Amino acid sequence: MQVVDVWDSQLLTMRTFEHLYMFSIALFSATIIGIGIGIIVFLHPKIADTVLNILNTIETLPDIALLVLLLPFLGLGAKPTIVASILYSILPITRNTYVGLKSVNKEYIYIAQSIGLSSNEILLNVRIPMALPLIAGGFRIALVFTMGLITLGGLIAAGGLGTALQTGIYLYDVDTILVAGLWTGVLAVILDAVAGIIESRLQVRYGIW
Amino acid sequence: MPTQRLFDRINSVHLQQVTKQYGEHVAVKQLDLEIQGGELLILIGPSGSGKTTTLRMINRLIEPDEGVITINDHNIMDFDPVRLRRNIGYVIQDIGLFPHMTIRENIGLVPRLEGWSGQEISDRVRHLLDFVSLSPESFMDRYPRQLSGGQQQRIGLARALAMDPPLLLMDEPFGALDPILRKQLQDEFNIIKQEIGRTILFVTHDIDEAFKLGDRIGIMSDARLIQIGTPEELILHPENELVSDIVDAKKKFKHMDTLRVKDMMSPITDTYLFDAGMTAQDAVKRMTQTNVELAIVLDNSVPVGYVEMAHLVQQIYYDVTLRDIVEPIPIFSSNDHIASALEKLKDRGGSLGLVMEAERPSGLFFLNDVLLRLI
Amino acid sequence: MVIFSVITDATVEHIILAYSALFVSIVIAIPLAFASLYSTRLASIVIKFANLAQAVPSFAVVAIVVPLIGIGFTPAVIAIMLRALLPIIKNTYIGLSNIDPLFIEYAKGIGLTDWQINRYIRIPNAYPAMFAGIKFAAILANSIAILTAIIGSGGLGELVFEGLIAFNTDKILAGALPAIILAFFIDVSFSILERILTPVYLKS
């Protein structure tokens with residue numbers, strides 16, 4: 001089988017693991033940082049606009065430009081790839097977290113206060129759970145961004161599926177491009193679909209308000 | 001960390017010269033009010049008269065600009081607001097059950113934050129659900145959206161009682177319900193009110209509700225307290241025109257001989273008519289959807305009695321139809337005299353009658369309701 | 001050192017590449033979005049495909065174009081277009097369909113033709129969403145136009161890749177910085193354009 005040959009010669013199993021490894025670290029970090037910043041700007045609305053504008057600016061940068069801008073500081077390889085993915089993916093998560101926390105129906109906040117919840121308890125027990133569907137929406141966008149950037153990492157020697165794509169293009173090896181390209185696409189679509197399922201689950205569980 | 005109980009029982013809640021202003025608008029002006037330990041005090045008045053503001057100042061959701069509020073002679077400003085609120089139950093019209101939490105989680109929220117164990121919370125929730133006549137098994141793990149308005153309102157009361165607070169604030173808790181369900185819940189509340197034996201401040205704009213539930217009634221208008229007293233005092237010695245206007249509704253029913261059943265009944269629509277062949281389960285479903293908790297059962301278009309939600313939910317796991325469990329109901333014509341209708345009800349030992357007009361059910365006749373209006 | 005004229009030439013190439021692709025995307029996407037209004041089957045296919053394909057990394061799209069149509073400027077335009085189409089179609093369709101059906105009924109009732117309904121009711125209502133889609137597509141096109149240098153499109157990406165191979169930071173920056181400036185320019189100019197074109201009644 002040709003596909004199997006290509007798969008083996010390009011070490012696609014290993015590349016997939018490399019890919020998913022960088023992807024998981026980047027997305028996990030972006031999620032933690034993104035939600036964290038979202039909560040911080042929610043608690044300090046004065047800085048919200050500034051912070052969101054900075055994140056917006058980062059996201060206006062072409063992804064590949066952001067990647068190469070980090071090279072002088074971080075060298076080649078996985079490090080700049082992961083950092084660029086994180087920087088790029090924070091915005092959708094932060095924005096959705098911020099909007100989600102802010103747009104919780106006032107009535108629920110009011111009732112929480114009146115039965116004796118402190119502001120921290122309201123944040124933890126009312127605002128965050130009710131913002132989860134929106135946060136999941138941001139997470140899903142971030143997932144797509146992360147996937148895109150990790151793939152670009154192949155261009156700066158980060159490993160992962162981008163490496164196979166790069167090899168294929170440089171050698172004009174049609175089989176490699178097709179197998180690696182389609183597999184990358186399918187993997188991305190599957191991961192996105194999983195995020196979609198999580199999002200709609202949360203919607204059903206927490207979304208009626 | 002468990003919150004310390006601020007008071008085990010209420011001796012008095014005292015508002016002295018309390019004023020609250022929003023810009024130019026004065027919401028409450030130099031209010032003096034004393035709620036005595038153990039009583040249910042009603043505040044009634046037109047909207048914007050300051051009754052809700054008064055209520056909210058007691059648990060510091062609103063802070064007064066001037067004046068002092070004390071509970072058992074402690075100034076409430078000396079308490080931490082969160083701790084204060086956990087010592088005061090609060091029920092509002094919009095209920096405000098959290099949609100992402102089950103009934104158990106809703107009622108058990110503050111106990112959980114107080115560090116109770118799972119078992120303690122479950123026990124407490126069960127006890128409270130029993131208390132508000134909802135079976136714990138069928139309700140604990142449901143979400144608020146799966147409940148009817150009346151059921152949600154009962155959960156709202158259960159939640160307010162979760163920490164066993166000695167003081168309860170209620171802001172038009174039955175205001176959003178339809179008139180018949182409202183009467184049912186008022187009757188229920190009247191019974192549990194005796195059992196809980198705590199101090200309650202209750203805001204309403206419905207004078208019937210005030211007379212039915214209140215030990216004393218305070219009448220507010222234009223940010224001031226106009227008069228406060230027992231229902232009898234208000235009726236016999238109204239301070240001014242406004243008070244007599246508000247309590248006047250009572251007086252026109254004084255001449256019992258001229259009154260007919262139709263003057264005192266609560267009208268019903270087709271929503272309240274269920275077919276005898278319906279299963280208990282379907283009946284519960286329909287009641288939940290249409291927000292009623294009582295229905296008249298018709299067999300071939302002939303009324304055979306009534307069923308109630310509280311009774312039906314215990315039957316949903318058995319294969320029964322309404323025909324099997326229907327309770328008989330005395331039937332009156334809308335032109336019957338009140339006196340004879342009352343006598344008939346009393347003889348049968350019931351508290352509810354069905355009113356027919358032109359062969360069709362047209363209303364319900366509540367014994368309590370009539371007696372109250374005839375004070 | 002990188003010669004200035006090399007940068008300007010590359011920038012012009014980059015602009016031509018990105019904007020031809022954007023232009024083609026608009027020309028294809030908007031009629032497709034309109035057509036989707038009239039066929040629920042087409043709409044469901046288009047939106048489902050757009051949602052799925054949006055998840056595919058740009059690099060994979062650029063790569064897959066090679067075995068299908070080869071390398072050079074045209075394949076690059078097609079690769080960029082494949083990505084830039086999606087946000088435009090999706091946003092246009094949402095903008096056009098996200099209108100109270102009562103308005104449409106009413107418009108029919110007072111005798112407006114399909115064309116007039118589109119012209120006077122749907123399109124003005126869809127402006128903001130359409131614009132957001134085109135702006136996003138423009139930023140995407142600008143970004144992928146760097147990447148397509150790997151399949152021989154020329155432009156700023158060529159400087160970046162040459163710099164990467166030689167690990168020549170100056171060259172990398174000579175390619176990346178103009179692209180970044182272009183991105184900011186797109187962001188700002190589209191925001192201004194959006195403000196001008198949004199009907200007064202839709203401004204918040």
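Descriptive notes on the structure:
- Chain A: angle of helix A:161-170 to the longest principal axis, Cα-based, in degrees nearest 10: 40
- Distance from the range A:93-169 to the range C:12-29 (C-alpha centre basis), Å: 32
- Chain B, relative contact order [Cα under 8 Å, separation at least 6], %: 17
- Separation between Cα centres of the range C:52-78 and the range B:297-375, rounded to whole Å: 76
- Accessible area (Å², per residue) of the range C:4-202, counting only protein heavy atoms and a probe of 1.4 Å: 46
- Neighbouring Cβ atoms from other chains, within 10 Å of the Cβ of residues in B:84-93, number 3 on average.
- Using Cβ point charges alone (K and R +1, D and E -1), the dipole size of chain B about the Cα centre works out to roughly 380 debye.
- In the full protein context, chain B carries 43 Å² of accessible surface per residue, based on a 1.4 Å probe and ignoring ligands, DNA and RNA.
- A simple rule links phi to the HN-Hα coupling: the Karplus curve 6.51 cos²θ - 1.76 cosθ + 1.60 with θ = phi - 60°, which for the range A:92-104 gives x, 6, 4, 4, 5, 4, 4, 4, x, 5, 6, 8, 4 Hz, with x for Gly and Pro.
- In percent, rounded to a whole number, the relative contact order of the range C:4-202 is 28, using alpha-carbon pairs under 8 Å and six or more apart.
- Our note on the geometry: Cα centres of the range A:41-90 and the range B:26-80, 52 Å apart.
- For the range A:43-76, heavy-atom accessible area (probe 1.4 Å) falls by no less than 50 Å² from the chain alone to the full protein assembly at A:Thr60, A:Pro62, A:Ile64, A:Val68, A:Leu69.
- Occluded residues from the range A:163-178, i.e. those whose accessible area drops by 20 Å² or more once the chain is not alone (1.4 Å probe): A:Leu165, A:Ile169, A:Tyr170, A:Tyr172, A:Val174, A:Ile177, A:Leu178
- Carbon + sulfur, % of accessible area of chain A - ligands and nucleic acids excluded, 1.4 Å: 69
- With the whole protein complex present, B:Ser12 retains an accessible surface near 20 Å², based on a 1.4 Å probe.
- Folded to 0 to 90 degrees: helix B:179-196 orientation relative to chain B principal axis, Cα: 60
- Solvent-accessible area lost on pairing C with A (1.4 Å probe, both sides summed) amounts to about 2900 Å².
- For the peptide C:140-152, the mean number of other protein chain Cβ atoms found within 10 angstrom of a residue's Cβ is 3.
- Take the accessible area of A alone and of B alone, subtract that of the pair with a 1.4 Å probe, and the total buried over both chains is about 2000 Å².
- GluC sites (Glu not before Pro), loop per DSSP, at most 14 other Cβ atoms within 10 Å - longest free stretch of chain B: B:25-238
- Shielding by partners - mean other protein chain Cβ count within 10 Å, residues of B:342-354: 0
- In chain C, the portion of solvent-accessible area held by carbon and sulfur atoms comes to 70 percent [1.4 Å probe, whole percent, DNA, RNA and ligands not counted].
- Rounded if a/c under 1.5, otherwise prolate or oblate - the protein assembly as shown, Cα gyration tensor axes: prolate
The values are calculated or read from the model by the stated rules, or taken from the named source; none is laboratory data. Nothing here was measured: the structure is a model prediction, and the numbers come from that model. Counting neighbours? That spans all protein chains shown, and the Cβs are built from the backbone with ideal geometry, glycine included. For the accessible areas, the whole protein counts, side chains as well, though only heavy atoms, and no ligand, DNA or RNA atoms are used. Shrake-Rupley method; radii C 1.70, N 1.55, O 1.52, S 1.80 Å.
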